[in-house]
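Here the structure is laid out as structure tokens; the discussion comes afterwards.
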Amino acid sequence: MCLKKVFWILGAVFFLLSVRPDFAKAQYEIMEFFPVTFDNLQVNIKIGEKATAEVTEGFRVIQFGSEKFSFVIPKEGVSDIKVYRGRKRYLDFDINKTSDSIVLENLGPSSSTWQIKYQIKKAVKAKKEFDEFRFEVTPSGNYINNLNIIINLPKGVKNINDLEAINYAIHGVDYPQSQALNQTTLSYSGKNLGPYSSFTAVANIPKGIISFSLGQKLENILSNLSGFSWIIFSIFLPILTFFVMLVMIFKKRSEENIKPVDEVISQPPDNISPAAAGVLYGGALGPREIAATVIDMAARGFLFIVYGGAREGYRFGERRSFLSLAPHERDLGKELLRGGLRRSVKEIEEEPQAEIFSATVSLIYQDIYKDIARLGYFVENPEIVHRRYYFAGIGIFLVSILGFIVAAFSLPYPPYLLFGFVAMAISSLVVMRMSDQMPARTAKGQKALSEWLAFRQYLISYKKPGYSEIVQETYFKWLPYAVVLGVEKQWARHFVNIPFQNPEWYAAFQEFNSVPQFTANFYPMIDYIADIMESLREPTLK
């Protein structure tokens, strides 16, 4: 998937999730048809030193229009729910979870007192100047005639004035009150809560009373960052990843003893294929190495190439048997010749057997990597190194997407942490993109690369002899190596003014009288084959 598509998808998902509706209103409709009245709802909360909370809610039901009723408790961090009817444990109830609450259903009948007990993990949130505990009561379509909330701290504060009890009463709550009773206890109360009322008790606790774990501290720090901070982070992280990868590449390059080119070599220093030379030079096998292999097979008399115009593209035929070729050359030739001249590479890509062709292209890549590994030019098979970094990038990308989705539905609005996961996704693409620069060369590989750089310099500064036939033969002989070394245009410039005739392995609708005419028609084939081979290879092969 290209970078532009990834960015569009992430942006669309982020927009949809960031503007998600507030689902809290849904809980108001739970008991709309059978409202009940909770008499003297007493909520006792014991906060633990590790930011947990033990909650006990007690009440009686004094009015209802059904044999059964429901009761709503918070959802975030809640566990170990226990229901008591009188003094006995009550088990015959159902639990229904909404977006932000838990509904205990099928409670009743109401002939005695009820108690709901549960635990809340991570109940206290760290703020910059204090720690905050927040507890919300919503009748959810019912009525509460009297509400009392008592919050007990794990230990007392030095000064009672350091405790701050705040209440937020909306949609019709009579006589809302809140106060600190002593150094360890806070009290909240309200009367006549209607079906759409809401009462939130907030306790601002001085620092030092609650002990947070390392994970909670990190979570609190992240949750307190502003949206602007997350935007800066989302920009900075991919840039940092890029520079870290760049430093690793430069460090690897500096450790390699590649001697500067002070002379030229007039022929390839080793009897290796153009594809292998391309891997040695660039550290990775790309589609241009495959295109150079096709040109090399044609120049050596095994293939002929026909240009059928813009609509037909390039087609391939067999001039002589492939049996004497290397395995990867045989496989490549056979796939190009499926159907002979009746099919172009583009047609092969579009037909149903494209999956088989993709597997064959991937096999060709693997065979070439095995050959280069046997030569001892790299500390480790470049294919393995590429896969390691590529899969690491995929892993980071998947984690970022999973974290993005989870955070979008679990974080409070606005979910700024989503910017962090977007930054992770971009960083993972940087890692995957730069994975082909990570293979390290051995001393033998460093020496060979120095020699191939000398040959590359020869291709750039070539001085032609006086015989046009020899010159043209030389041009085609070293053209595949010029392609993998990235100097095919410089190599062609040396032959601008020599007499030229079409090579016997290339056919087009016109005769070419000069190298510039030929290259204008032929060089597009390099990108043509490269693009198609790139689309058909296994994505993890670099």
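The values are calculated or read from the model by the stated rules, or taken from the named source; none is laboratory data. Fair warning: this is a prediction, and the values are worked out from it, not measured in the lab. Using ideal geometry, Cβ is built from the backbone for each residue, glycine included, and neighbour counts are taken over all protein chains shown.
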Looking at Glu329 and the list (1) under 42 Å from the mean Cα position of the chain (by Cα); (2) at pLDDT below 75; (3) not in a loop (DSSP other than H, G, I, E, B), which single condition is not satisfied?
(2)
Pairs returned, first residue in segment 151-172 that is basic (Lys, Arg), second residue that is surrounded by 14 or more Cβ atoms within 10 Å (Cβ to Cβ) and outside any strand (DSSP E or B), beta-carbon separation under 9 angstrom, 6 or more apart or interchain, are Lys155/Gln183; Lys155/Thr184; Lys155/Ile209; Lys158/Gln183; Lys158/Pro206
Which residue out of Gly156, Gly215, Gly141 is buried (at least 17 other Cβ atoms within 10 Å of the Cβ), of a type outside the set (S, T, N, Q) and outside any strand (DSSP E or B)?
Gly141
Can you name the condition, by its number, that Leu341 falls short on among (1) of a type outside the set (S, T, N, Q); (2) at pLDDT 85 or above; (3) more than 17 Å from Ile526 (Cβ to Cβ)?
(2)
Is it the case, given these coordinates, that Ser178 is under 14 Å from Thr200 (Cβ atoms) and not aromatic (Phe, Trp, Tyr)?
yes
Quick one: what pairs do we get from segment 268-280, first residue within 15 Å of Leu479 (Cα to Cα) and touching a residue at least 40 places away in the same chain (Cβ under 8 Å), second among the polar types (S, T, N, Q) and part of a helix (DSSP H, G or I), C-beta under 9 Å, 6+ apart or different chains?
Ser273/Thr293; Pro274/Thr293; Ala275/Thr293
Check whether at least one residue in segment 247-266 is closer than 25 Å to Ile368 by Cβ, β-branched (Val, Ile, Thr), part of a helix (DSSP H, G or I) and at pLDDT below 85, and report yes or no.
yes
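Taking segment 111-138 only, how many residues are in a loop (DSSP other than H, G, I, E, B), more than 30 Å from Leu214 (Cα to Cα) and touching a residue at least 60 places away in the same chain (Cβ under 8 Å)?
Going residue by residue through segment 111-138, those that are in a loop (DSSP other than H, G, I, E, B) are 111-113, 121-123, 127-130, 138.
Filter again for more than 30 Å from Leu214 (Cα to Cα), leaving 111-113, 138.
Keeping just the survivors that are touching a residue at least 60 places away in the same chain (Cβ under 8 Å) gives 138.
The total comes to 1.
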So Ser428 fits all but one of (1) at pLDDT 75 or above; (2) outside the structural domain of Arg388 (by TED's automatic domain parsing); what number is the exception?
(2)
Working only within segment 115-131, note down all residues that are out of contact with any Gly (no Cβ under 7 Å at 6 or more places or on another chain) and surrounded by 18 or more Cβ atoms within 10 Å (Cβ to Cβ).
Ile116, Tyr118, Val124, Lys125, Ala126, Asp131
Got a number for residues in segment 473-513 being closer than 22 Å to Gly313 by Cα and not in a helix (DSSP H, G or I)?
13
For segment 53-77, which residues satisfy the criterion of being under 47 Å from the mean Cα position of the chain (by Cα) and either of a type in the set (Asp, Glu) or at pLDDT 90 or above (or both)?
Ala53, Glu54, Val55, Thr56, Glu57, Glu76
Output for segment 44-64, where each listed residue is more than 15 Å from Val78 (Cα to Cα) and aliphatic (A, V, I, L, M):
Val61, Ile62
What's the total number of residues in segment 222-240 that are at pLDDT below 70, part of a helix (DSSP H, G or I) and out of contact with any Phe, Trp or Tyr (no Cβ under 6 Å at 6 or more places or on another chain)?
3
Among the residues of segment 382-401, is there at least one that is at pLDDT 75 or above, within 30 Å of Leu449 (Cβ to Cβ), more than 27 Å from the chain's Cα centre (by Cα) and surrounded by fewer than 16 Cβ atoms within 10 Å (Cβ to Cβ)?
no
If you check every pair at least six apart or on different chains, which have Cβ atoms under 6 Å apart with a residue in segment 481-495 that is over 21 Å from Arg300 (Cβ atoms) first and a residue that is not acidic (Asp, Glu) second?
Gln490/Ile460; His494/Tyr462; His494/Lys464
Residue among Ile368, Ile372 that alone is β-branched (Val, Ile, Thr), in contact with a His (Cβ under 7 Å, 6 or more places away or on another chain) and modelled with pLDDT of 80 or more:
Ile368
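Of everything in segment 368-397, what is in contact with a strand residue (DSSP E or B) (Cβ under 9 Å, 6 or more places away or on another chain) and in a helix (DSSP H, G or I)? Give them in sequence order. Lay out the reasoning, then the answer.
Here is the first cut: in segment 368-397, the ones in contact with a strand residue (DSSP E or B) (Cβ under 9 Å, 6 or more places away or on another chain) are 372, 377-379, 385.
Ile372, Val385 - these are the residues of segment 368-397 that are in contact with a strand residue (DSSP E or B) (Cβ under 9 Å, 6 or more places away or on another chain) and in a helix (DSSP H, G or I).
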